[in-house]
Amino acid sequence: AGKTLFSDFGKRWLASRVVDPSSILRYETAYRLHVCPAFGYRQVRAIKPSHIQSWIGQLSERFESSTVIASFLVLQGILDLAVADGEIKKNPAKSPVVQVPVHQAPEIQIWADDVITCLIDAHPDSLRALPELAASCGMREGELFGISLEDFDFDEKIVRVRRQIK
C-alpha cells in the first residue's frame with residue numbers, strides 16, 4: 001500500500017471536484033504550479049509531515065499566504081483521497097507539525113463620500129445604479145451585473161443578492 005504516485009491521486013482528486021469553473025481553475029493552477037512539482041513523482045507513502053512543512057516554508061518565502069494556503073488545501077485534499085482509498089493510514093498534512101500561515105487581509109480603505117459622489121456622477125444615467133448599489137450595499141461586480149428588478153423589495157426596502165455573473 002502507498003506505492004501509488006502522488007500525481008495519480010492528484011489527477012483523480014482534480015477530476016472528482018464538483019465545484020464552479022473558477023474554483024477548479026484555482027485548484028488546477030495550484031496543483032500544476034506548486035503541488036505537483038514538489039510531490040508529483042513521490043510515492044504517497046513517502047510523503048512525511050516534515051516534507052510538507054519544508055515545502056510550506058519554501059512557498060512562504062516566494063508567495064503570499066493566500067497562495068500557500070490554497071496550495072496546501074489542494075495537497076491536503078489529495079492526501080485525504082489517498083487515505084479514503086486505503087493507500088495510506090493517516091494524512092501527513094494533518095500532523096500537528098504542519099503549520100500553515102495565517103492569511104492577513106489588508107486593512108480596508110473606505111472612500112470618502114465626496115469621492116463616491118464623483119464616481120456616481122461620472123456614470124451615465126443608465127448606469128448610475130451600479131456604483132450607488134456598490135457603495136450603499138457593498139455589492140461586488142459579479143453581484144451588480146447579476147441584479148434584476150425582481151431582486152428589489154421596495155416595500156421592505158431590501159435588495160436580495162440571488163445570483164452573480166462570473
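The values are calculated or read from the model by the stated rules, or taken from the named source; none is laboratory data. All of these numbers come straight from a predicted model, not from anything done at the bench. Heads up, the Cβs are rebuilt from the backbone with ideal geometry, glycines too, and the neighbour counts pull from every protein chain shown. Ligands, DNA and RNA are stripped out before the accessible areas are found, and what is left, the full protein with its side chains, is counted by its heavy atoms. Shrake-Rupley method; radii C 1.70, N 1.55, O 1.52, S 1.80 Å.
Pairing residues of region 124-151 that are within 17 Å of residue 165 (Cα to Cα) and among the aromatic types (Phe, Trp, Tyr) with residues that are open to solvent by 80 Å² or more (accessible area, probe 1.4 Å) and modelled with pLDDT under 90, at Cβ distances under 6 Å and at least 6 apart in sequence or on separate chains, gives 145/165. Within region 1-42, the set of residues being open to solvent by less than 60 Å² (accessible area, probe 1.4 Å), of a type in the set (Ser, Thr, Tyr) and not in a helix (DSSP H, G or I) comprises just one member, 4. Evaluated against (1) part of a loop (DSSP other than H, G, I, E, B); (2) at pLDDT below 95; (3) in contact with a helix residue (DSSP H, G or I) (Cβ under 7 Å, 6 or more places away or on another chain); (4) open to solvent by less than 70 Å² (accessible area, probe 1.4 Å), residue 116 falls short on exactly one condition, (1).
Considering region 43-59 alone, what residues qualify as being outside any helix (DSSP H, G or I) and either among the charged types (D, E, K, R) or crowded, with 19+ Cβ neighbours inside 10 Å (or both)?
Narrowing region 43-59 to residues outside any helix (DSSP H, G or I): 43, 47-48.
47, 48 - these are the residues of region 43-59 that are outside any helix (DSSP H, G or I) and either among the charged types (D, E, K, R) or crowded, with 19+ Cβ neighbours inside 10 Å (or both).
Okay, residues lined up against (1) touching a Cys at 6+ places or on another chain (Cβ under 8 Å); (2) closer than 19 Å to residue 104 by Cα; (3) at pLDDT 95 or above:
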{"site": "27", "(1), (2), (3)": "no, no, yes"}
{"site": "30", "(1), (2), (3)": "no, no, yes"}
{"site": "35", "(1), (2), (3)": "no, no, yes"}
{"site": "38", "(1), (2), (3)": "no, no, yes"}
{"site": "47", "(1), (2), (3)": "no, no, yes"}
{"site": "53", "(1), (2), (3)": "no, no, yes"}
{"site": "57", "(1), (2), (3)": "no, yes, yes"}
{"site": "64", "(1), (2), (3)": "no, yes, no"}
{"site": "72", "(1), (2), (3)": "no, yes, yes"}
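Pairing each residue of region 35-50 that is over 16 Å from residue 80 (Cβ atoms) with any residue that is of a type in the set (Lys, Arg), provided the two are 6+ apart or on different chains, yields C-beta distances under 9 Å for 43/3. Residue count for region 104-113 under the criterion of being open to solvent by 100 Å² or more (accessible area, probe 1.4 Å) and either of a type outside the set (S, T, N, Q) or within 25 Å of residue 44 (Cβ to Cβ) (or both): the result is 6.
Determine whether residue 105 is assigned to a helix (DSSP H, G or I) and among the hydrophobic types (A, V, I, L, M, F, W, C). So that I can check it myself, show each step before the final result.
On the way: assigned to a helix (DSSP H, G or I): no; among the hydrophobic types (A, V, I, L, M, F, W, C): yes.
When the stated conditions are applied, residue 105 does not pass them.
Regarding region 124-133, can at least one residue be identified that is in contact with a Ser or Thr (Cβ under 8 Å, 6 or more places away or on another chain) and open to solvent by 100 Å² or more (accessible area, probe 1.4 Å)? No, because not a single residue in region 124-133 is in contact with a Ser or Thr (Cβ under 8 Å, 6 or more places away or on another chain) and open to solvent by 100 Å² or more (accessible area, probe 1.4 Å). Residue count for region 62-101 under the criterion of being open to solvent by 50 Å² or more (accessible area, probe 1.4 Å), under 20 Å from residue 32 (Cβ atoms) and assigned to a helix (DSSP H, G or I): the result is 4.
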